[in-house]
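The values are calculated or read from the model by the stated rules, or taken from the named source; none is laboratory data. The model shown is predicted, which means the values in this text are computed figures rather than measured ones. Note that each Cβ is placed from the backbone with ideal geometry, even for glycine, and that neighbours are counted across all protein chains shown. Just the protein is used for accessible areas: all its heavy atoms, side chains included, with ligands, DNA and RNA removed. Shrake-Rupley method; radii C 1.70, N 1.55, O 1.52, S 1.80 Å.
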Amino acid sequence: MTENFSDEYWMRRAIDLAMQAQAKGEIPVGAVLVADNKVIAEGFNHPITDHDPTAHAEILALRRGGEQLQNYRLLNTTLYVTLEPCVMCAGAMVHSRIQRLVYGASDMKTGAAGSLIDILRHPGMNHQIEITGGVLAEECSTMLSAFFKQRREQHKALKKMKAQ
């Protein structure tokens with residue numbers, strides 16, 4: 001008998017990963033790839049530390065998922081992400097053929113799962129992805145807002161020190 005975990009359960013794991021990213025000075029985004037109620041792969045943001053603009057949590061989880069399954073097609077999987085994916089990540093999801101995306105906070109500036117643009121359900125795409133947004137949205141959004149507020153304050157303090 002397998003245990004059925006909820007979207008909130010897996011999103012909490014993604015939030016834990018996002019906190020690991022934040023501890024490394026990265027934008028706090030975490031991703032968990034799940035199939036049959038089991039973690040296939042996970043990742044958290046690394047673009048700053050890796051000097052790699054593609055090292056988003058989603059991309060890392062998809063790469064590791066492909067390695068784990070020995071297939072670039074990640075059929076019948078769900079990807080849990082703390083922030084609505086960008087265009088790059090959404091494109092990778094379409095190519096990987098994940099079945100479902102569950103995200104926490106919406107991203108009105110770069111969100112490609114419906115907020116700015118909807119790559120995942122665009123009628124011209126060869127694969128459509130089911131989307132569930134807003135899972136633990138307040139918690140995810142608060143974490144991101146606090147991170148950016150702290151970064152702005154650090155930047156302001158550094159600027160002030162340089163001016164003296």
Report summary line: Distance in nm between V39 and T142 label points, each 7 Å along Cα→Cβ, equals 2.3
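State to the nearest 20 debye the size of the charge dipole of the stretch 7-163 about its Cα centre, where the only charges are +1 on K and R beta carbons and -1 on D and E beta carbons. Before the final figure, lay out each step's value.
Working: 18 positive and 17 negative charges, 127 e Å.
So the dipole magnitude of the stretch 7-163 works out to roughly 620 debye.
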Requested in this report: Once you've got the Cα coordinates, tell me which of K24/K160; K109/K160; K38/K109; K24/K159 are over 26 Å apart.
Outcome: K109/K160; K38/K109
Requested in this report: Might you tell me the accessible area per residue for the chain, computed with a 1.4 Å probe and given in Å²?
Outcome: 56
**Report entry** Surface accessible to a 1.4 Å probe, I117 within the full protein complex, Å²
**Finding:** 70
Report summary line: Counting only protein heavy atoms with a 1.4 Å probe and every protein chain in place, the carbon and sulfur fraction of the accessible surface of the chain in whole percent equals 54
Query raised in the report: Short version: ³J(HN,Hα) in whole Hz for each residue of the stretch 36-45, in order, from phi by Karplus 6.51 cos²θ - 1.76 cosθ + 1.60 (θ = phi - 60°), x for Gly and Pro, what are they?
Result: 6, 6, 10, 6, 8, 6, 8, x, 9, 3
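Run through the stretch 1-100 and list the chymotrypsin sites (Phe, Trp or Tyr not before Pro) located in a DSSP loop whose Cβ has at most 14 other Cβ atoms within 10 Å.
Values: sites: F5, Y9, W10, F44, Y72, Y80; in loops: F5, Y72.
Filter output for the stretch 1-100: F5, Y72.
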**Report entry** Label zone at R152, where the point sits 7 Å out along the Cα-to-Cβ direction: the stretch 80-115 residues whose backbone N lies under 16 Å
**Finding:** 108-109
Report task. Percent of Cα-Cα pairs per 10 Å bin, from 0 to the last occupied bin, for the stretch 7-163, please list those. Result -> 12, 42, 33, 10, 3, 1
